[in-house]
Amino acid sequence: MKNILPELRSQRGWTQGDLALRLSVSRQTVNAVETGRYEPSLSLAFAMAALFALPIEDIFQAQRQPHRFAAPTPDPEP
Amino acid sequence: MNNPLNPDPNTLLTTVGGGRITAFYTRPVVGILFGLWTYLCCLYVAIMAPRILATGGTREVVVLALPLLSLLLLACIIYSVYRASDEYRRHRILRATAHTGAILAFSASVYFCLERLGLPQLSMIVVILYGWAVFTILLLWALYRTR
């Protein structure tokens, strides 16, 4: 999952620690989310969206890889 | 940055090695180490009790109840650390638990094969100590990585 948290943070002149403090999480959590090592929970994503006053989908862009054992997607109707 | 005049009450040791490692000996880490130390002491007492105490109710209580109660204390400390953690740290703690299970299962399988080749049968106490050692190392590593 890609995100624009570093850009949003730097626009406001916040460090990862500042953002972590505002979200009541650890700095490592912010770091892990920003670097894509951890996908935040819905509640944390909503908190981020509320903090930056942006919709969640503007902050996070899904990069869904098809699951290896997922059923094949049906062909679109003609 | 920690202010030395107003230290963070959640941190016992703020910086080590010129500030490179920050706030590792926090309450969770100290609590887990204390719980593990208590457990190991109780285990030692339980092992030594049959040699010291005469057969009777007291000996049975010491051998059976002491390790179990200290294990319960350790489990409560770890659970309280889990409850007090944010979601990323919880994720790392759960991952440490899963890795411990995988390492134990793999080690048990390997030693089963080695037993067939002639190595001695191990006591359950060795397996328990090995499991807790692995879990503690992984747990402390998870706490260190999410400090």
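Where a number appears in this text, it was derived from the coordinates with a stated rule and is not lab data. Just so it is clear, the model here is predicted, and its values are computed rather than measured. Glycine gets a Cβ as well: all are built from the backbone with ideal geometry, and neighbour counts include every protein chain shown.
Once R0 is set to 22 Å, what does the formula 1/(1 + (r/R0)^6) return for the Cβ-Cβ distance between A:ALA50 and A:THR15, expressed as a FRET efficiency to the nearest 0.05? Efficiency at R0 = 22 Å is approximately 0.65.
Estimated at 0.36 nm per residue, the fully extended path between B:LEU94 and B:ALA108 surpasses their Cα-Cα distance by 2.9 nm. When the P(r) is computed for region B:87-147, the part past 16 Å accounts for 50% of the Cα-Cα pairs. Positive contributions from Lys and Arg (+1) and negative ones from Asp and Glu (-1), summed over other residues with Cβ under 11 Å from the Cβ of B:VAL81, come out at +4. Evaluated at q = 0.09 Å⁻¹, the base-10 log of the normalised Debye intensity for region B:25-145, with identical point scatterers placed on the Cα atoms, takes the values -0.33. On alpha-carbon atoms, Rg over Rh for region A:2-55 using Kirkwood Rh? Radius of gyration relative to Kirkwood radius: 0.90.
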